[in-house]
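Structure first, commentary second.
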Amino acid sequence: MDRTMRIQLTEVREGDILLRDIFNDHGTLVLSAGTILKAKDRGLLERHMIDQLDIIERLTPQYSIDSMAEAVVERHTSKNASKEQLIHQYEAAIQHTNLIFESAAQDGMVEDEVIEQTYLPLLSQIEKERDVVSLMMLMNGEEDYTYQHSIQVSVLSFYLATWLGYSEENARRVGKAGYLHDIGKCMIDRKLINKPGALNDEEFDQIKQHTLFGQQIISNSFEDEWLSLAALQHHERMDGTGYPVGLTADRIHEVARIVAVADVYSAMISNRVYRKKQDLFSVLKEMNQMSYSLLDPHITHTFIRKMLPNFLSKRAKLSDGRVGIIIMNHHTEFFRPLIQLDQQFIDLSTNRSIEIEEIMTTA
């Protein structure tokens with residue numbers, strides 16, 4: 001017996017049970033499988049321009065109850081298994097990254113097979129995850145910053161390359177470049193990297209050397225210019241104020257410019273020994289300002305546009321202390337979405353006295 005019904009949005013009845021997750025055109029989860037649809041959900045689906053959906057076949061009341069329970073259990077089990085597998089891959093990648101850095105410091109090179117055994121399984125797992133914001137929250141723990149950062153930049157670089165139209169093969173190359181971008185730090189004194197206070201000029205000059213060390217290690221290990229130039233140039237800036245050379249604009253390789261955007265976002269949302277992490281949403285606003293002089297504007301704006309839909313349905317703490325749900329983005333006022341607080345709606349694009357202060361990580 002076929003237990004699936006595909007229906008038009010206009011045919012939705014209260015009590016229908018979603019058979020599959022519903023994502024919008026941006027890949028953001030709108031409603032989860034197992035959701036018992038209510039009248040308000042129809043409006044939500046309309047806002048996301050969802051025309052059709054799959055529900056569990058409407059049969060007897062008892063069958064509906066049994067199907068509802070089965071769908072909820074299946075959804076819960078599937079999502080938990082997926083999350084556990086992702087956490088396992090992430091923790092394994094952290095451990096392997098530690099060993100890779102140690103090996104690079106000792107041998108002055110890394111083995112391609114070891115690199116691919118570390119980051120490719122993680123990329124294969126995260127390709128199933130459409131919600132990049134939740135993914136970054138999951139990958140933002142108390143692990144060693146350098147190793148966590150390498151993995152985050154790999155993931156973000158891969159997504160960004162995909163959003164920019166790179167083929168899957170080349171997006172994985174960009175992800176690999178992101179993973180290796182800081183490998184040169186293995187040659188820098190760990191005490192200096194983890195120094196809690198401000199660096200003096202001499203210490204900062206030493207830190208800058210990691211770009212040169214990284215290029216050398218990667219050149220010893222691979223014949224792929226994307227990887228070596230990303231390591232060398234990811235701290236260069238469009239206006240020439242970066243390092244190690246002070247390149248400007250198009251003189252910086254595009255892959256290095258992609259990795260730079262991922263690097264900045266990961267650094268700013270992470271806890272550092274000298275600075276607390278910043279809110280995921282607020283960082284995008286700051287990066288928008290950086291796109292006017294420091295970061296590639298096209299790449300940065302692509303990143304922002306693709307990240308913002310992932311904040312839909314997230315809980316946001318507002319500057320007046322209230323907490324609401326982000327339900328719709330504004331097409332020009334990127335950082336002033338529509339917020340729902342119980343039965344009240346606040347359009348931040350018109351209410352200029354209130355801003356989003358923080359994206360809540362817990363319910």
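The values are calculated or read from the model by the stated rules, or taken from the named source; none is laboratory data. Everything numeric here is computed off the predicted structure, so don't read it as measured data. A quick note on method: Cβ atoms are made from the backbone with ideal geometry, for glycine too, and the neighbour counts reach across all protein chains shown. What goes into the accessible areas is simple: the full protein's heavy atoms, side chains included, and nothing from ligands, DNA or RNA. Shrake-Rupley method; radii C 1.70, N 1.55, O 1.52, S 1.80 Å.
When both region 140-214 and region 302-363 are represented by their alpha-carbon centers, they are found 30 Å apart. Gain on full extension, evaluated as 0.36 nm per residue between LYS38 and SER219 minus their Cα-Cα distance, stands at 59.4 nm.
What's the carbon and sulfur percent of the chain's accessible surface, probe 1.4 angstrom, rounded to a whole number?
Details: 8800 of 17900 Å².
Heavy-atom surface of the chain belonging to carbon and sulfur, 1.4 Å probe: 49 percent.
Where a ≥ b ≥ c are the square roots of the eigenvalues of the C-alpha gyration tensor, would you call the chain rounded, which needs a/c under 1.5, or, failing that, prolate if a/b is larger than b/c, or oblate? In terms of gyration-tensor shape, prolate. For LEU192 and ILE354, the difference between the fully extended length at 0.36 nm per residue and the C-alpha to C-alpha distance is 54.3 nm. Between ASP239 and GLN340, the distance separating the two model label sites (each 7 Å from Cα on the Cα→Cβ line) works out to 4.2 nm. Per-residue ellipticity at 222 nm computed for the chain from its helices equals -16500 deg cm²/dmol, with DSSP H segments shorter than 4 residues left out and the rest contributing -39,500 (n - 2.57).
Going by the alpha-carbon gyration tensor, a ≥ b ≥ c the square roots of its eigenvalues, is region 289-330 rounded (a/c under 1.5) or, if a/c is not under 1.5, prolate (a/b greater than b/c) versus oblate? Please list the in-between numbers first.
Working: a/c = 4.09, a/b = 1.95, b/c = 2.10.
Since a/c reaches 1.5 but b/c is at least a/b, the shape of region 289-330 is classed as oblate.
Would you mind working out the accessible area per residue for the chain, using a 1.4 Å probe, and quoting it in Å²? Don't jump to the answer; show the numbers that get you there.
Details: 17900 Å² over 363 residues.
That works out to 49 Å² per residue.
HIS331 exposes around 150 Å² of accessible area when a 1.4 Å probe is run over every protein chain in place.
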